[in-house]
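As structure tokens, the structure follows; a few thoughts come after it.
Each value in this text was obtained by applying a stated rule to the coordinates, not by laboratory testing. Note that the structure is predicted; figures quoted are calculated from it, not measured. Virtual Cβ from ideal backbone geometry, glycine too; neighbours counted across all protein chains shown.
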Amino acid sequence: MTLQAKSVYGVGSRGRELSIKLAHTLLEQMEEDPKAVILLATPEYDLLEASKAMRVILGDVPVWGGSVRQVWSAEGTPTNGMSLTAIGGDGVETAGWWIEEEPKPNGIAQTIQALSPDLLFVGLEAMQSRLRHWLAALENAQTPLIGGLVGSDLRLGRMSLLAGQQVGRGGAAILGMRGLKFGIGIGTPWRSTGLWVEITESRGEWLRKINGKPVAEVMEEIFGQPARRWAYAPLREFARLYPLGMQTETGWDIRAPIHVETDGSWRMTIPMPHEGRAYWMTADIADAILAVEKALEDAVSMLGSPPAVVFMWLDWAWSYLLTAHEPEFARRIRERVGEGVPVVGVYTLGQLSRAKAETPLSVLHNHVAVCALASGAN
């Protein structure tokens with residue numbers, strides 16, 4: 001049983017024509033029919049039209065993916081465009097599910113039980129309300145998983161998610177796989193600066209006040225830019241470079257904003273504690289390279305054999321951190337992975353990871369989550 005994986009990238013003015021072109025190229029490179037296809041594209045492409053067009057070529061092969069802020073080119077650098085990845089091999093079984101409505105606590109476990117997958121790829125809309133209920137349902141599924149909280153440009157509205165034969169706005173996209181071996185690794189370059197604040201007001205997904213003041217006012221005191229500017233581009237999203245970290249028994253629980261609101265509060269993906277001490281975190285490119293190398297090493301070590309394909313979910317903050325360093329970053333990744341192995345990268349607004357069924361689900365921010373796949377079984 002040999003796992004085969006191929007990945008292609010392209011850019012064009014119309015998603016329908018581009019997806020057809022990439023699908024034809026992909027099938028020409030595969031030695032047998034794929035068992036699953038991963039489609040990732042930047043927001044300017046209509047994934048509903050792209051998915052319909054690919055159905056003519058792929059038939060009933062499950063397609064999983066969605067709209068993302070950027071994809072990785074064939075050279076491993078982030079850019080606009082579309083990437084298509086196929087996975088195939090004897091004994092590999094897959095199924096996809098797009099779930100629109102908020103599931104019951106055991107809803108996801110019941111949905112996937114027919115396949116009994118070894119591994120899940122998960123995409124969740126980052127800004128949907130009651131996200132914690134979706135995360136609880138994933139926790140109850142008790143299945144190893146990897147994925148992220150996804151979202152596109154705020155100006156372009158809600159992003160598309162697709163799984164199986166379905167495409168929709170928001171919710172969750174899940175790809176289940178069995179009959180293959182996987183390894184998972186995580187890492188982050190963000191470290192504490194030693195500067196700390198007290199959380200004084202947190203409501204739902206909004207962190208409103210720290211040290212008794214709106215968050216943006218405290219950011220003005222520390223970073224110098226006027227508080228009102230943090231609610232507008234480009235600072236609105238740059239705030240993700242400076243998350244808050246809370247100490248736990250196992251390390252740092254890092255929380256980063258999706259953006260800064262006009263009232264100076266932070267819009268988070270999941271609720272913050274109502275009180276407690278949090279530390280400002282920062283990162284640099286040298287630590288970023290070390291973090292991704294360590295995550296790759298852990299994933300391949302768990303795999304126990306050379307990977308057939310590597311998937312990487314990086315936090316959107318990494319895109320700012322890596323500016324002007326993308327070629328060096330891509331080179332270091334290629335050195336670790338080896339030539340000829342597809343590397344598929346995507347930026348997310350949070351990372352999801354669970355390496356083993358018996359371990360808790362990790363909901364991460366400002367991390368990289370790596371998944372390597374190969375032939376065999378865990």
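Brief remarks on what is shown
- Estimated inter-spin distance, Thr193 and Arg55, nm [label 7 Å along Cα→Cβ]: 5.1 nm
- Among Ser67, Ser305, Ser83, the largest mean-square fluctuation in a Gaussian network model of the chain, built with springs joining Cα atoms closer than 10 Å, belongs to Ser305.
- Counting only alpha carbon atoms, the long axis of helix 326-337 and the longest principal axis of the chain meet at about 50°.
- Unsatisfied cross-links (Cα-Cα over 25 Å) in the set Lys52/Lys356; Lys21/Lys181; Lys104/Lys356; Lys35/Lys104: Lys52/Lys356; Lys21/Lys181; Lys35/Lys104
- FRET E, pair Ala324, Ala357, Förster distance 41 Å, beta-carbon r, rounded to 0.05: 0.50
- Residue range of the chain that is longest and free of GluC sites (Glu not before Pro) which are both DSSP loop and sparsely packed (at most 12 other C-beta within 10 Å): 102-248
- Value of Rg/Rh across the range 19-171 [Cα atoms, Kirkwood radius]: 0.96
- Placing unit charges on each Cβ (+1 for Lys and Arg, -1 for Asp and Glu) gives the chain a dipole about its Cα centre, and among Tyr232, Gly171, Ile87 the Cα reaching farthest toward its positive end belongs to Tyr232.
- Among Ala136, Ala317, Ala355, the residue with the largest mean-square fluctuation in a Gaussian network model of the chain, with springs joining Cα atoms closer than 10 Å, is Ala136.
- Build a GNM of the chain with springs between Cα atoms under 10 Å apart, and of Ala324, Ala74, Ala295 the one that fluctuates most is Ala324.
- Loop sites in the range 161-259: chymotrypsin sites (Phe, Trp or Tyr not before Pro), DSSP, at most 12 other Cβ within 10 Å: Tyr232
- Antiparallel DSSP beta bridges within the chain, as percent of all bridges there, nearest 5: 80 percent
- Answer label, with P(r) over Cα pairs in 10 Å bins from 0, in percent calculated from the coordinates and candidates (i) 5, 25, 34, 25, 9, 2, 0; (ii) 4, 20, 29, 26, 16, 5, 0, 0; (iii) 4, 18, 22, 18, 14, 11, 8, 4, 1, 0: (i)
- Rounded tilt (10° steps) of 131-141 against the dominant C-alpha axis of the chain: 50 degrees
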